[in-house]
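Worksheet for the structure shown next.
The values are calculated or read from the model by the stated rules, or taken from the named source; none is laboratory data. Remember, it's a predicted structure, so these values are computed and weren't measured experimentally. With ideal geometry, Cβ positions are generated from the backbone for all residues, glycine too; neighbour counts draw on all protein chains shown. The area values use the complete protein model at the heavy-atom level, side chains included, leaving out ligands, DNA and RNA. Shrake-Rupley method; radii C 1.70, N 1.55, O 1.52, S 1.80 Å.
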Amino acid sequence: MNPTDLSVFVFGIILVAVHGYGFLVIPNTVLRMFKLPETKEVWIRILGFITGLLGAYYIVAGLNHLTAFAWATVFGRFAVLLFLIVISALKMTKATIILLGIIDAAGAVWTLLTLLPVM
């Protein structure tokens, strides 16, 4: 597995194990970690399921050397950070949500650094 594939694969594992499993099975624990209000609504579990599926796509892409997918994730993961900053600035949620975006952006930087030599 080359460095790009590894970065995408590892990010997929994080999405499945932390975001997917966390929001699906123990959502309020994860919400408390980010100082967000607990919920009994089903939307958080739906988000966990979808995030877990997205993580599976990352894993498959990492295992199959899908460079175009890796490039697309770089832009998408930076967009997540930007989106979370905007909704926080608009007071739609607490600023602690930006931590999730920082995790995404860190993964994007890792992937980007592995892709640059490919250019």
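Observations, loosely collected:
- Surface per residue (accessible, 1.4 Å probe) for the chain, Å²: 59
- Shown is the FRET efficiency for Val18 and Ile85, computed with R0 = 22 Å from the Cβ-Cβ distance and rounded to the nearest 0.05: 0.60.
- Computed about the Cα centre, the dipole magnitude for the chain is approximately 380 debye when only Lys and Arg (+1) and Asp and Glu (-1) carry charge, each at its Cβ.
- Proximal aspartates and glutamates to Lys94, defined as alpha-carbon separation beneath 20 angstrom and excluding residues fewer than eight positions away on the same chain: Glu38, Glu41, Asp104
- Full extension of the chain segment joining Phe75 with Val109 gains 11.2 nm, where the gain is 0.36 nm per residue of separation less the Cα-Cα distance.
- Ordering of 69-81, 26-38 by packing [mean C-beta count within 10 Å, highest first]: 69-81, 26-38
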